[in-house]
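Asker: One structure is given below, represented as structure tokens, and several questions about it will come after.
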Amino acid sequence: MEQPLLTVVMSCFNDVKCVEQSIRSIQQQTLRRWELIAINDGSTDQTGLMLDRLASEDSRIRVIHQVNSGLTAALIRGCCESKADVIARQDADDVSHPDRLALQFALLASNPKLGFVSCYANYVGPEGEFLSTVIRNPDHAVATTELLNQRMGPPAHGTVTFRRSTYEQVGGYRLPFYYAQDADLWLRMAEVSLIGYVPVPLYDFRWHPGSITGSGRSIQREFGLLGQRCRNARNQGEDESLLLAEVESLKTRAIAERNDRRDRTTNQVSMNYQIGSQLVQNRDPRARRYLKNVLTASPLHWKAWIRLCQSLLSSKRRKESDQESHS
């Protein structure tokens with residue numbers, strides 16, 4: 001295989017139901033000179049076999065099997081294994097549109113001050129239901145300022161493509177950040193370079209209750225706040241070591257609590273509500289499925305009751321309107 005222009009790094013853990021679609025979206029890219037490094041992070045389902053099969057069909061795919069070490073450790077390994085000067089992220093349950101890599105590679109090449117680039121993203125539900133499109137300011141300087149000072153970073157971890165030199169300059173992903181490793185990295189990259197956005201939705205970011213976004217939201221937020229505090233310390237010329245010790249302590253807690261059913265259920269209820277609520281706003285009747293899941297787990301969730309009523313009323317009005325138009 002000729003030298004790749006770009007390495008796609010993907011971490012997989014029990015993703016057998018979605019990883020083939022995700023990898024197929026990379027195979028369909030208009031930029032053809034890529035390699036994909038898929039880290040099978042100790043999956044207990046058939047993910048490893050699926051990855052090996054896909055790699056046997058395409059020499060651009062490399063699979064690394066390892067014991068479960070968490071997303072951050074897997075990404076560190078994947079980036080270290082990269083053969084290209086440009087690295088793109090892709091999550092195993094998401095989909096890249098065909099022009100994503102080509103357009104991001106071209107944007108990065110167009111301006112040496114850009115250390116990393118992203119794009120607009122479509123947020124979609126578990127079954128591919130459209131939820132919303134997240135956009136960012138296409139002006140590089142404004143976007144960088146918003147990331148550093150207003151916590152307005154890339155719409156999803158997997159939307160980002162970066163120079164390997166910038167990644168290494170700032171020290172790469174930091175192992176203590178068990179969650180929010182992306183936000184911590186983007187802040188440090190934005191301190192030495194600019195971020196740019198391709199002003200087109202090129203990535204479908206899947207929301208589902210079982211994902212990290214869905215099941216680990218509360219502790220993810222704590223990691224994100226610590227990452228911002230680290231940024232503030234660096235900005236003021238202060239030592240980060242005490243804050244990084246807090247991050248390490250939080251990592252220990254996150255690992256201990258990752259199988260806590262109560263916390264996981266609370267976060268999944270929250271994710272189901274957010275998906276259902278957005279679908280109500282979109283006048284999508286599939287909202288009711290998610291809201292009913294909320295009410296099954298939490299019958300006194302009054303906001304879900306309100307959203308469910310709104311969905312039912314919207315469907316009733318639509319039927320009445322259709323009947324009037326046909327009469």
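Asker: Within region 166-179, does at least one residue satisfy the condition of being touching a Ser or Thr at 6+ places or on another chain (Cβ under 8 Å) and without any contact (Cβ under 8 Å) to a residue 60 or more places away in the chain?
Answerer: Checked against the condition, which is being touching a Ser or Thr at 6+ places or on another chain (Cβ under 8 Å) and without any contact (Cβ under 8 Å) to a residue 60 or more places away in the chain, region 166-179 yields at least one hit.
Asker: In region 296-311, how many residues are part of a helix (DSSP H, G or I) and either over 27 Å from the mean Cα position of the chain (by Cα) or in contact (Cβ under 8 Å) with a residue 60 or more places away in the chain (or both)?
Answerer: The number of residues fulfilling the criteria is 8.
Asker: Here is a further query. What number goes with the only condition from (1) in contact with a strand residue (DSSP E or B) (Cβ under 6 Å, 6 or more places away or on another chain); (2) free of Cβ contacts under 8 Å to residues at least 60 places away in the same chain; (3) surrounded by fewer than 20 Cβ atoms within 10 Å (Cβ to Cβ); (4) under 25 Å from Phe105 (Cα atoms) that Ile61 does not pass?
Answerer: Result: Ile61 passes all but (3).
Asker: A further question on this structure: Which numbered condition in (1) surrounded by 14 or more Cβ atoms within 10 Å (Cβ to Cβ); (2) at pLDDT below 95 is the only one that Gln3 fails?
Answerer: (1)
Asker: Select from region 152-166 the residues that are over 8 Å from the mean Cα position of the chain (by Cα) and either surrounded by fewer than 23 Cβ atoms within 10 Å (Cβ to Cβ) or of a type in the set (Gly, Ala, Ser) (or both) and list them in ascending order.
Answerer: The initial filter retains those residues of region 152-166 that are over 8 Å from the mean Cα position of the chain (by Cα), namely 152-154, 160-166.
Answer for region 152-166, where residues must be over 8 Å from the mean Cα position of the chain (by Cα) and either surrounded by fewer than 23 Cβ atoms within 10 Å (Cβ to Cβ) or of a type in the set (Gly, Ala, Ser) (or both): Met152, Gly153, Arg163, Arg164, Ser165, Thr166.
Asker: How many of the residues making up region 7-25 are at negative phi, outside any strand (DSSP E or B) and not acidic (Asp, Glu)?
Answerer: Step one: of region 7-25, the residues at negative phi are 7-13, 15-25.
Now narrow it down to the ones that are outside any strand (DSSP E or B): 13, 15-25.
After this cut, where a residue has to be not acidic (Asp, Glu) as well, the list is 13, 16-19, 21-25.
Count: 10.
Asker: Considering only region 247-259, state which residues are in contact with a helix residue (DSSP H, G or I) (Cβ under 7 Å, 6 or more places away or on another chain) and either crowded, with 16+ Cβ neighbours inside 10 Å or without any contact (Cβ under 8 Å) to a residue 12 or more places away in the chain (or both).
Answerer: Val247, Leu250, Ala254
Asker: Inspect region 211-219 for any residue being of a type in the set (Gly, Ala, Ser), surrounded by 14 or more Cβ atoms within 10 Å (Cβ to Cβ) and at pLDDT 90 or above and give the result as yes or no.
Answerer: No, that holds for no residue.
Asker: Same structure again: From Arg60, Arg32, Arg53, Arg77, grab the single residue that is among the charged types (D, E, K, R) and within 21 Å of the chain's Cα centre (by Cα). Spell out how you get there, then give the answer.
Answerer: Details: Arg60 fails: within 21 Å of the chain's Cα centre (by Cα); Arg32 fails: within 21 Å of the chain's Cα centre (by Cα); Arg53 fails: within 21 Å of the chain's Cα centre (by Cα).
Arg77 is the lone residue from the list that is among the charged types (D, E, K, R) and within 21 Å of the chain's Cα centre (by Cα).
Asker: Could you figure out which of (1) among the charged types (D, E, K, R); (2) touching a helix residue (DSSP H, G or I) at 6+ places or on another chain (Cβ under 6 Å); (3) free of Cβ contacts under 8 Å to residues at least 40 places away in the same chain; (4) in a helix (DSSP H, G or I) isn't true of Arg283?
Answerer: (4)
Asker: Within the bounds of region 136-153, is there any residue that is within 24 Å of Gly210 (Cα to Cα), assigned by TED's automatic domain parsing to the domain that holds Glu191 and of a type in the set (Gly, Ala, Ser)?
Answerer: Within region 136-153, one or more residues are within 24 Å of Gly210 (Cα to Cα), assigned by TED's automatic domain parsing to the domain that holds Glu191 and of a type in the set (Gly, Ala, Ser).
Asker: Only residues that are closer than 13 Å to Ile61 by Cα and in a strand (DSSP E or B): list them for region 26-46, please.
Answerer: Step one: list which residues in region 26-46 are closer than 13 Å to Ile61 by Cα, which gives 26-27, 32-40.
Those that are closer than 13 Å to Ile61 by Cα and in a strand (DSSP E or B): Trp34, Glu35, Leu36, Ile37, Ala38, Ile39, Asn40.
The values are calculated or read from the model by the stated rules, or taken from the named source; none is laboratory data. The shown structure was predicted, so the numbers you read here are calculated from the model rather than taken from an experiment. Cβ atoms come from the backbone with ideal geometry, glycine included; neighbour counts cover every protein chain shown.
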